[in-house]
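The values are calculated or read from the model by the stated rules, or taken from the named source; none is laboratory data. None of these values were measured; they are calculated from a predicted model. Note that we place each Cβ from the backbone using ideal geometry, even for glycine, and neighbour counts take in every protein chain shown.
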Amino acid sequence: MQHIVVKEYDSNWNNLYLIEKNIISNILKDNLIAIYHIGSTSVLNLAAKPIIDIMVAVRDLTKVDEIKDEFNKIGYEYLGEYGIKGRRYLRKGLVDRTHQIHIFSASGENNLIRHLAFRDYLVKHEDVKLEYAKLKKELAKKYPYDIDGYCDGKDSFVKEYEKLALASYDSTFDILYLRANLARYNRNISNLVEAGSVAAAILTNNNHIYLGVCIDTACSLGMCAERNAIANMITNGDKMVKKLVVVMNGNKLGMPCGACRELLRQLGNDSLDIEILSDYETKSVIKLKDLLPNWWM
């Protein structure tokens, strides 16, 4: 029977997440789209049950099912959907649980974003974080061996603030990153053409999203992912990029090359303020004007 104990924040929780992140990434390999530390242990100075919650976005859930034995080997119990459609739930430790993994398809953006929104809302609202910590401590005392009672006691609080969190959360870069990464996979077109090792997602001023992948050829006829996405945008009647995400192999972010920067700049004067994602975890951006100082024209 699980003993429910709420402890004060431990800075080592994030280290435990990073260790597990590396292990999970090595198991999922190219099926991995994104991985996140969620739940109370991910929020600085929030009291929590010392269980590391990890959320994973993958390209194909069925491929996760095929390698469930790999998770069993490192101590996880593979429980399938476990009450939430479209999820794969895994837990490590029974009585003394240490980790939980929640795996979703990257195309199921809503499931992913609601967890990120609630996490970030707690980070930004100290008063709500303190109220949540107090509630959890009270529930742990009231239901020390009753996980259902503990979870039911939190339910209305979580639902109320999740709704507020979603209303204020800007998921734009999450969606662009996930969609670009889903589009990024290698395509062997012929013995002279391959494509897809880099993908780009752009958001226009009309709030439309367009994707593009790189096309690499044996001569100089290829195209960068960014220019492919811009061509797609123009084909569909839009004219100006507002935000840009470029994803390379290993889920790493990239910056547009010189030719792509020049094309972006020539779209118009508003292009100076195009935001290019430089760090997904912190949502740091670089504006195009900072990549093109002293433009020639």
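Here are the numbers for the structure shown:
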item	result
Checklist (1) within 27 Å of Ser40 (Cα to Cα); (2) aliphatic (A, V, I, L, M); (3) in a strand (DSSP E or B) applied to Leu244, failing item	(1)
Out of Met55, Met1, sole residue that is at pLDDT below 95 and of a type outside the set (S, T, N, Q)	Met1
For Ser197: the one exception among (1) closer than 30 Å to Val43 by Cα; (2) touching a Lys or Arg at 6+ places or on another chain (Cβ under 9 Å); (3) among the polar types (S, T, N, Q)	(1)
Subset of the range 180-220 [within 21 Å of the chain's Cα centre (by Cα) and touching a residue at least 60 places away in the same chain (Cβ under 8 Å)]	Ala180, Asn181, Leu182, Arg184, Tyr185
Positions within the range 93-113 being more than 17 Å from Val64 (Cα to Cα) and at pLDDT below 95, in sequence order	Gly93, Leu94, Val95, Asp96, Arg97, Glu109, Asn110, Asn111
Strands (runs of 3 or more DSSP E) lying entirely in the range 1-108 (those with 3 or more residues that are farther than 21 Å from Lys136 by Cα and touching a residue at least 60 places away in the same chain (Cβ under 8 Å))	32-38
Residue in the range 130-145 that is surrounded by 16 or more Cβ atoms within 10 Å (Cβ to Cβ), acidic (Asp, Glu) and assigned by TED's automatic domain parsing to the domain that holds Ser42 present	no
Hey, Glu226 under 21 Å from the mean Cα position of the chain (by Cα), among the charged types (D, E, K, R) and closer than 15 Å to Ala199 by Cβ or not	yes
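Residue-by-condition table, conditions (1) aliphatic (A, V, I, L, M); (2) in the same structural domain as Asn31 (by TED's automatic domain parsing); (3) part of a loop (DSSP other than H, G, I, E, B):
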| residue | (1), (2), (3) |
| --- | --- |
| Ala195 | yes, no, no |
| Ile202 | yes, no, no |
| Ile215 | yes, no, no |
| Leu221 | yes, no, yes |
| Arg227 | no, no, no |
| Lys239 | no, no, yes |
